[in-house]
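Heads up: the structure comes next, in structure tokens.
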Amino acid sequence: MARVVPATERHIEEAAALLSAGRLVAFPTETVYGLGAAARDPAAVERIYRIKGRPAGHPLIVHLPGAKYMERWAEAVPQAAVYLAQRFWPGPLTLVLRRSKLVPDIVTGGQETVALRSPHHPVAQQLLTAFGDGVAAPSANRFGRISPTRAAHVAAEFPEDLLVLDGGPSQVGLESTILDLSQVAAGEAPRLLRPGGVPLALIEEALGLPVHLPGQAEGGGPRVPGSLGSHYAARAPTQLVSADQLAARSLAGGAQVAVLALQPAPEGFIGRWLRLPQEPVGYGSRLYAALRELDALSPQSILIEAVPADPEWLAVRDRLQRASAS
Ligand code: TXA
Ligand code: MG
């Protein structure tokens, strides 16, 4: 059984000791909860794949206490990466760089690159500092399921013996933005691999450069399993519905339908209706908990109102598309 404990100093020290002993620990970050292992311990990292049910070859993000650890894990770090780390770390930005020799193959899925991030959640910071090295951590959910934004979500995913540090709800609520800078030295533009916690506009503004968006890349770029269709999915069939069709579609669904919406429920609706904030930051922070809440009702179907097509909704739109892909 998962053991959920408050993230006190004593429990954080216990968690760091478990990591050193090759065990897994779940911990809060500002994006989602992570399932961590000592990144330099291949046997420990192997356990992550086993308990998540994650197919081999899907690389993991290495979490660092701060930017000064970057040079240990990456080689030929371009100036743009140093600058972005200064500007956005600790925070919800992951940088993909050329890996250094000490990074085990199991962390990178055998690729020549490594994904690095320094989270700003105080509990993650304290844990990483106490451990004093890189922690490989995917989101603490079973493969393909909704990412956890609370300790209780993690406990619900894993029946295994697992220490879960409870640091309250994750504030950002969506995973980090992933930016590939591994080809920048070869003259290529940075590429967005996953929209997330740091808005693209802020990154472009900081770089003074446009970033390549997914789909713009030619040839096979690095593998990102988040880009496999169905991901972050509820168990119930989930559909995206445009704002103007939502009332009619939900009324037709009767009591067995659950709806995640921006607009209020239409008169006569008898299923479950959950409203989220009409701006992307508040919406993103509550999305995964809301999907879990609806899914727990075992509805016949879940309808999600499409969100605006504006750039600041990019990360939310990405997750809604994955949640509704079948
Ligand atoms: O916000 C986050 O990033 C959370 C928290 C726990 O930090 N972590 C997270 O990890 O979302 P995960 O494993 O669920 O998603 C990591 C993504 C995957 O899509 C993986 O393919 C990609 O990062 N990734 C990891 N290493 C990579 C690499 N070397 N090249 C390209 N993509 C990589
Ligand atoms: Mg994940």
*Which residues' amide hydrogens lie under 5 Å from the amide hydrogen of H121, considering only partners 5 or more residues apart or on another chain, with H built in the peptide plane?*
E30
*Mean residue ellipticity at 222 nm from the helices of the chain, using -39,500 (n - 2.57) per DSSP H segment of n ≥ 4 over the full residue count, to the nearest 500 deg cm²/dmol?*
-9000 deg cm²/dmol
*Specify which residue in the list P199, A21, S285 is farthest towards the positive end of the charge dipole of the chain, using unit charges on the beta carbon of Lys, Arg (+1) and Asp, Glu (-1), about the Cα centre.*
A21
_What does DSSP give for the chain in terms of the percent of beta bridges that are antiparallel, rounded to the nearest 5?_
40
*Within a Gaussian network of the chain (alpha carbon springs, distance under 10 Å), most fluctuating of L102, L181, L116*: L102
*How far apart, in nm, are two points set 7 Å out from the Cα along the Cα-to-Cβ line at Q321 and at E46?*
3.7
*What order do you get for 144-150, 257-263 when each peptide is scored by the mean count of other beta carbon atoms within 10 Å, highest first?*
144-150, 257-263
*In whole Hz, with x marking every Gly and Pro, tabulate ³J(HN,Hα) for segment 188-202 from phi via Karplus 6.51 cos²θ - 1.76 cosθ + 1.60, θ = phi - 60°.*
8, 6, x, 10, 7, 9, 8, x, x, x, 9, x, 4, 4, 5
*asked:* Starting from 0.36 nm per residue, how many nanometres of slack lie between Q79 and T129 once their C-alpha separation is accounted for?
replied: 15.5 nm
_Please list 3J(HN,Hα) in residue order for segment 236-247, calculated via the Karplus relation 6.51 cos²θ - 1.76 cosθ + 1.60 where θ = phi - 60°; whole Hz, with x for glycine and proline._
6, x, 10, 10, 8, 10, 5, 4, 7, 9, 4, 4
_Percent of Cα-Cα distances greater than 24 Å, calculated over the chain_ = 53
*asked:* Explain nothing, just compute: Karplus ³J(HN,Hα) = 6.51 cos²θ - 1.76 cosθ + 1.60, θ = phi - 60°, for every residue of segment 260-272 in order, whole Hz, x for Gly and Pro.
replied: 10, 9, 8, 7, x, 5, x, 4, x, 6, 10, x, 9
*Relative to the longest principal Cα axis of the chain, at what angle does helix 79-88 sit, 0 to 90 degrees, rounded to 10?*
50
*Taking 7 Å along the Cα-to-C-beta vector as the label spot, tell me the H58-A255 distance in nanometres, rounded to one decimal.*
3.7
*Are there GluC sites (Glu not before Pro) in segment 127-221 that DSSP puts in a loop and that have at most 15 other Cβ atoms within 10 Å, and which ones?*
E160, E188, E218
*Over the alpha carbons of segment 1-151, what is the largest minus smallest coordinate on each principal axis, giving the biggest first in Å?*
44, 31, 29
_At a threshold of 8 angstrom on Cα-Cα distance, excluding pairs fewer than six apart, so keeping six or more, what relative contact order does the chain reach in percent?_
20
*Suppose R0 equals 25 Å; then what is the FRET efficiency for A186 and L102 from their Cβ-Cβ distance, rounded to the nearest 0.05?*
0.60
*To the nearest 0.05, what FRET efficiency results for L209 and F143 with a Förster distance of 45 Å applied to their C-beta separation?*
0.85
*Considering amide H positions built from the backbone, and no H for Pro or chain starts, which residues 5 or more places from L116, or on another chain, come under 5 Å of its amide H?*
V62, L95, V96, L97
_Test of understanding: in a Gaussian network model of the chain with alpha carbons linked when under 10 Å, which of V241, V114, V172 would top the mean-square fluctuation ranking?_
V241
*Exposure proxy order (Cβ contacts within 10 Å, fewest to most) of D105, D180, D295, D161*: D161, D105, D295, D180
_Calculate the FRET efficiency for V5 and V281 from the Cβ-Cβ distance with a Förster distance of 25 Å, rounded to the nearest 0.05._
0.25
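Bear in mind that the values in this text are calculations on the coordinates, not laboratory data. Here the structure is a predicted model, which is why all the values come from computation and not from measurement. Glycine gets a Cβ as well: all are built from the backbone with ideal geometry, and neighbour counts include every protein chain shown.
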